[in-house]
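Scroll down for the structure; my scribbles are underneath it.
The values are calculated or read from the model by the stated rules, or taken from the named source; none is laboratory data. Just so it is clear, the model here is predicted, and its values are computed rather than measured. Heads up, the Cβs are rebuilt from the backbone with ideal geometry, glycines too, and the neighbour counts pull from every protein chain shown. Calculation scope for accessible area: heavy atoms of the full protein, side chains included, ligands and nucleic acids excluded. Shrake-Rupley method; radii C 1.70, N 1.55, O 1.52, S 1.80 Å.
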2 protein chains.
Amino acid sequence: MTISMYDASIPVFIRTLDNLAAILEKAAAHAEAKKIDATVLLNSRLFPDMFPLTRQVQIAADMAKAGGSRLAGLQPPSFEDNEKSFAELQERLRKTVAHLEGIRPEQINGTETRTVTWPTRAGDRTLPGLPYLVSWILPNLYFHVTTAYNILRHNGVELGKAEFLGKLF
Amino acid sequence: MTISMYDASIPVFIRTLDNLAAILEKAAAHAEAKKIDATVLLNSRLFPDMFPLTRQVQIAADMAKAGGSRLAGLQPPSFEDNEKSFAELQERLRKTVAHLEGIRPEQINGTETRTVTWPTRAGDRTLPGLPYLVSWILPNLYFHVTTAYNILRHNGVELGKAEFLGKLF
């Protein structure tokens, strides 16, 4: 009659980052085919005070990394924000997925009421595991992956929502 | 040791649509303050073959409506796609939230393995309740709310991610 915190987190994070990797692969191929400098896409943003593509990908990866780690009671591993190419962003996603794959269901299950505390620019935040997952990590993760997709679509990369959703059927 | 399908669906859908309503309220106020014809924002899109703002809002609402209804074994109510103003989109969101508020936890809980079938442009689709919720409805819902947000940010409406996430602390 129930689902587990693991069901609602780690496999969803991995799937979403794998879909983002496929989107970035198409973007890199588009840049190469159209002889567009990849850094133009990597530095594109939808408005001057929004983050560019590279930062959107870093934050998406970090949301999944932090969400999985903090629910499991682990300190998230720290990755430098120094990616300068599509290949380096792919490596960031690969490292993040590998970390998530190392988290076992029994580390996550039962954390719906565990207090999770994490640092933000506005100071430390605290929520129980369930709202931390469904109202903080997941919306943030999807926000940054969708914005990465939208930046690329706005720049003419041929993508469809099927890439964002991944293969389901 | 577990969370319920209800915890992971109806309250999340309602919260997300309420956040979208707050975003649209800011957009309507921005149009009025800057003497921008609201229909310019409602018809804006990030790329010629992407959907405009109005359609993004309709699809977001429909994803929540369909997700809640189909998990509960109900036929989703049908709303005409005829909104022409911010006020009419708010009414669409209000009706959708009212429908979701009428779905009780016992109608949703235990549906993680129930077969859900729904029509798409590509024909009927079928998934068990859990992947239907976490890999179809939720990513689609967040995709269209984020894209609505991005269309408005791209057009200069002053919004922050706090509006997308809603009040949590």
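Residues to consider are B:A66, B:A72, B:A87, B:A98; find the one that is aliphatic (A, V, I, L, M), under 25 Å from A:L141 (Cα atoms) and modelled with pLDDT of 95 or more. Let's see the steps before the verdict.
Numbers: B:A72 fails: under 25 Å from A:L141 (Cα atoms); B:A87 fails: under 25 Å from A:L141 (Cα atoms); B:A98 fails: under 25 Å from A:L141 (Cα atoms).
Matching residue, one of B:A66, B:A72, B:A87, B:A98: B:A66.
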If you scan the range A:91-103, which residues turn out to be open to solvent by 50 Å² or more (accessible area, probe 1.4 Å) and in contact (Cβ under 8 Å) with a residue 60 or more places away in the chain? A:R94, A:E101
Mind telling me which of the residues B:T117, B:T111 ends up being within 14 Å of another protein chain (Cβ to nearest Cβ) and surrounded by fewer than 13 Cβ atoms within 10 Å (Cβ to Cβ)? B:T117
Looking for something of a type outside the set (V, I, T), modelled with pLDDT of 95 or more and within 16 Å of the chain's Cα centre (by Cα) - is there at least one such residue anywhere in the range A:118-133? yes
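What do you reckon, is A:L152 at pLDDT 95 or above, open to solvent by less than 20 Å² (accessible area, probe 1.4 Å) and in a helix (DSSP H, G or I)? Before you say what the answer is, go through the steps one by one.
Working: at pLDDT 95 or above: yes; open to solvent by less than 20 Å² (accessible area, probe 1.4 Å): yes; in a helix (DSSP H, G or I): yes.
For A:L152, the condition - at pLDDT 95 or above, open to solvent by less than 20 Å² (accessible area, probe 1.4 Å) and in a helix (DSSP H, G or I) - is met.
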Anything in the range B:75-115 that is over 16 Å from B:I14 (Cβ atoms) and more than 18 Å from the chain's Cα centre (by Cα)? List them, or say none. B:E106, B:N109, B:G110, B:T111, B:E112, B:T113, B:R114, B:T115
Criterion (within 30 Å of A:F47 (Cα to Cα), among the hydroxyl-bearing types (S, T, Y) and at pLDDT 95 or above) met by exactly one of B:S78, B:S44: B:S44
Out of (1) in contact with a Lys or Arg (Cβ under 7 Å, 6 or more places away or on another chain); (2) within 14 Å of chain A (Cβ to nearest Cβ), the odd one out for B:A64 is which? (1)
Within the range A:120-155, the residues that are more than 7 Å from every other protein chain (Cβ to nearest Cβ), free of Cβ contacts under 8 Å to residues at least 60 places away in the same chain and among the small types (G, A, S) are A:A122, A:G123
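Any idea which residue in the range B:86-115 is nearest to B:T147 (Cα to Cα), counting only those that are among the basic types (K, R) and assigned to a helix (DSSP H, G or I)?
Of all residues in the range B:86-115, those among the basic types (K, R) come to B:92, B:94-95, B:104, B:114.
Applying the additional criterion that residues be assigned to a helix (DSSP H, G or I) yields B:92, B:94-95.
On the way: B:R92: 18, B:R94: 20, B:K95: 21 Å.
In this case the residue turns out to be B:R92.
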Hey, B:P11 hits all of (1) free of Cβ contacts under 8 Å to residues at least 60 places away in the same chain; (2) more than 14 Å from chain A (Cβ to nearest Cβ) but one; which does it fall short on? (2)
